[in-house]
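A.B. asks: Following this message is one structure expressed as structure tokens.
Coordinate-derived values only; no laboratory data. In this text, all values refer to a predicted model and were calculated from it rather than measured experimentally. All Cβ positions, glycine included, derive from the backbone under ideal geometry; neighbour counts span all protein chains shown.
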Amino acid sequence: MDKKLNKLIKFIERAKGLELREKIKLILFLDGVKPNAEVILKIDPKNLGDKFELEKLLKDKGVIFLVSRARSYEEIKKIKGNKVIWEIAGTYYIYDLFKGKKEKERFKKYLELLKKGKRAEGNRIVGEQYGYPRCCVSQFVKEMKTDFLKKTYSYWTYYKKQQDLDRKFPFIFHRACKVDCEKSEELNKKYEEVLKKRSKKIWKEYKGKNKFKGELIVGEISDVEISGKSIWLGKEGYEYELIFRKPLRRHYYLVSWLSQQKYKKGQVLKGIVELQYDYAKVKMLKEKKKIISGLIHERKLPLLGEVEIK
Ligand SMILES: [Zn+2]
């Protein structure tokens, strides 16, 4: 096996600043099965050396890449009274990795299109760059239009479809056009095989389950809005944001949950959340009487605006 590739994979396996999905993307890219990739690396006081090491290893391997400037990110630090308190936890960098020079030039063209506001055209280019199936990119471009969403889906069928897709295709990085999209099925299978071959450790970790049992707070409801108004007149159910009231492995998680039941914002529920792959399965045990009124997220970044560190 290629020594340089081996070194890179070992680094990816231990890198704390790469979340699992980012690790998987990198490995698929390095294998060659994914033509180009965009990967996020987070840096906090505990992994200051990761940026240097990743870039050195990529250069040694001859990978062409672009790296963004540093931006800050926040994490939930604690929940106190009606406040979900976020603190700045570190900085992150976005890496764009390319198969070759030609792909890098095409990517620049995509950025130009975005600047000009030509999002649909840009998305077609970038979809092709990342190896997304054409049928899925077309559907994605159509769904950028709220008129199309409104006449194609009801609130429930729209969010249900997204959840079904997440569960059906955990190894892909695009939104599949439909639950029985053959191309997505093929990619999902191929990506899992490659990952398993290149890093059994990451594959196992991704497949592993984490369970949380405890109190969950009902947060915001997902919606598609035009000037503050939902595009759907009625709702047959709700996609809720659930906030873990206590941390699991030192993290307060936010998960989405689709339910036909109506809950108030701030309602405290008791349930079991099973985290696997990139999604959560939620089983509600009981409804508590308690409602945290005036629940708010106290965030730092919106106050500061987009933070860029030069
Ligand atoms: Zn498709």
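A.B. asks: Modelling each spin label as a point 7 Å along the Cα-to-Cβ direction, I'd like the Val224/Glu87 distance in nm, to one decimal.
C.D. replies: 3.9 nm
A.B. asks: Which of the lysines could be linked to Lys207 by a straight reach, that is with a Cα gap under 17 Å, when you skip same-chain ones fewer than 8 residues away?
C.D. replies: Those lysines meeting the cut-off are Lys23, Lys25, Lys168, Lys189, Lys190, Lys196, Lys197, Lys281.
A.B. asks: Mind checking the log10 I(q)/I(0) for the stretch 186-237 at q = 0.18 Å⁻¹? Debye, one equal scatterer per Cα, no solvent, two decimals.
C.D. replies: So the normalised log intensities are -0.75.
A.B. asks: Here's something else I'd like to know. Label-point separation (nm) for Arg299 and Arg106, each offset 7 Å from Cα along Cα-to-Cβ?
C.D. replies: Reported label-point gap for Arg299 and Arg106 is 3.3 nm.
A.B. asks: If you place +1 on the Cβ of every Lys and Arg and -1 on the Cβ of every Asp and Glu, how big does the dipole about the Cα centre of the chain come out, in debye to the nearest 20?
C.D. replies: Roughly 680 debye for the chain.
A.B. asks: Moving to a separate point now. With a 10 Å radius around each residue's Cβ, average the other Cβ atoms per peptide and rank 212-220, 50-58, 112-120, highest first.
C.D. replies: Peptide ranking by packing, descending: 212-220, 50-58, 112-120.
A.B. asks: Is the stretch 1-142 rounded, prolate or oblate when judged by the Cα gyration tensor, a ≥ b ≥ c being the square roots of its eigenvalues, rounded requiring a/c under 1.5 and prolate requiring a/b larger than b/c?
C.D. replies: Oblate shape, in that a/c is at least 1.5 and b/c is the bigger or equal ratio.
A.B. asks: Run lengths n ≥ 4 of DSSP H only: what is the helix-derived mean residue ellipticity at 222 nm for the chain, with -39500 (n - 2.57) per run over all residues, to the nearest 500?
C.D. replies: -12000 deg cm²/dmol
A.B. asks: Give me the percent relative contact order of the stretch 209-301, please, defined on Cα pairs under 8 angstrom at least 6 residues apart.
C.D. replies: So the answer I get is 31 percent.
A.B. asks: Provide the packing ranking of 123-130, 63-70, 228-235, 183-190, i.e. peptides ordered by the mean count of other C-beta atoms within 10 Å per residue, highest first.
C.D. replies: So the peptides 123-130, 63-70, 228-235, 183-190, ranked by packing, come out 123-130, 183-190, 63-70, 228-235.
A.B. asks: Here's something else I'd like to know. DSSP H helices in the chain with Cα extent of 30 Å or more along the helix axis and mean Kyte-Doolittle hydropathy at least 1.0?
C.D. replies: None clear 30 Å together with a mean of 1.0.
A.B. asks: Quick check for me: using +1 on Lys/Arg Cβ and -1 on Asp/Glu Cβ, what's the dipole size of the stretch 180-310 about its Cα centre, in debye to the nearest 20?
C.D. replies: My answer is approximately 1040 debye.
A.B. asks: Can I ask one more? With a bin width of 10 angstrom, please list the P(r) values of the stretch 209-301 as percents of all Cα-Cα pairs, from the 0 bin to the one holding the largest distance.
C.D. replies: Taking every Cα pair in the stretch 209-301, the percentages come to 15, 46, 31, 8, 0.
A.B. asks: Turning to a different aspect of this structure: How big is the stretch 106-215 by Rg and Dmax over its Cα atoms, in Å?
C.D. replies: Here Rg and the maximum Cα pair distance are 16.8, 49 Å.
A.B. asks: In the chain, how does Rg compare with the Kirkwood Rh, expressed as the Rg/Rh ratio over alpha carbon atoms?
C.D. replies: Result for the chain is an Rg/Rh of 0.96.
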